[in-house]
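Quick notes on the structure that follows.
Bear in mind that the values in this text are calculations on the coordinates, not laboratory data. Since we're looking at a predicted model, the values are computed, not measured. With ideal geometry, Cβ positions are generated from the backbone for all residues, glycine too; neighbour counts draw on all protein chains shown.
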Amino acid sequence: MEGLTSEQGDTSDITSAWRIDFKRKQTRRKRLLKFKQGLLVILLMLSLGLTGYAATEIGAYKSGEHIEAGASVEPEKTDLVYDRFATVGISSLELSLPGKEGSIIGVGFHEAERQEALAITPSVEYLNKETTATVRNAVAHLKGPVFFVMGSRGRRSAPTSAIDVAMVPYAEIYSPVDGIVTTVKTYNLYNKVIDYHVEIQPDGYPDLRVVIIHIDNVQLKVGQKLERRETFIGWLRPLPQIKSQINKYLPEPADHIHIQVNPMAANGSLGS
């Protein structure tokens, strides 16, 4: 067999080089494909882990007087939650949420500043002294307001003797009870801002006063008759100057109104 001509030899070398380069590219593609597949597996495992963690946190939101983490339940119907969410002391007085549906983010029970404020018992599902992370996850994932008991402030009053209701900006405030306005006044909140203080005598409970603060542009007069969830009181007051305990439990900072129930003999002085 005759030897290859110079031109044929050049052609053979080019073909061999092309094949080698092609094989190298195939090898790189296979390696890249395996890398992408491995990365997708890792991301999937991380996603499943985070989903499981969120489900565990939300699972702590359980009905009953006392909630233990790990059990999941369906949220109650929103209209029922807004209509009657708590009872006062040993009385049968029931409180309604002070806003329209969709306006309330979270409801945090805490110790009132004054010892005589009455304990308020939640009638709905709530988180009892869970971690701030647990509450934040519940607020972020559950529809409707989340109810929870906040950590102690070192006061001598009952752990649920006051309520902070976190709401969307400039939310409309409505009466939480049927009753008559007995007090509308201003006071100096922490010597930082002038705030409104409203007191309502609930129908059928002449010895009790429902106290509400952190309202703006109050639309009430003393002696006025109020209807629960229907009578407009004013707007949510922005208080950027005040550091509120409830914001430790929320995904994003929010303003709130404060509600507590005092015996008639109490002078109504209270903190936020």
Qualifying chymotrypsin sites (Phe, Trp or Tyr not before Pro) in region 169-256, DSSP loop, other Cβ atoms within 10 Å at most 16 = Tyr170, Tyr190
Least to most buried among Thr131, Thr186 (fewest other Cβ within 10 Å first) | Thr186, Thr131
Residue separation times 0.36 nm, minus the C-alpha to C-alpha distance between Lys221 and Asp83: what's the value?
-> 47.3 nm
In nm, give the distance between the simple-model label positions of Val168 and Ser91, each being 7 Å from the Cα along the Cα-to-Cβ direction.
-> 3.2
Return Val139, Val261, Val107 ranked ascending by Cβ neighbour count within 10 Å, so the fewest neighbours appear first.
-> Val139, Val107, Val261
Label-point separation, Asp207 to Ser152 (7 Å along Cα→Cβ), nm = 2.9
Modelled label-to-label distance, Lys100 and Phe232, 7 Å Cα→beta-carbon offset: nm?
-> 0.9
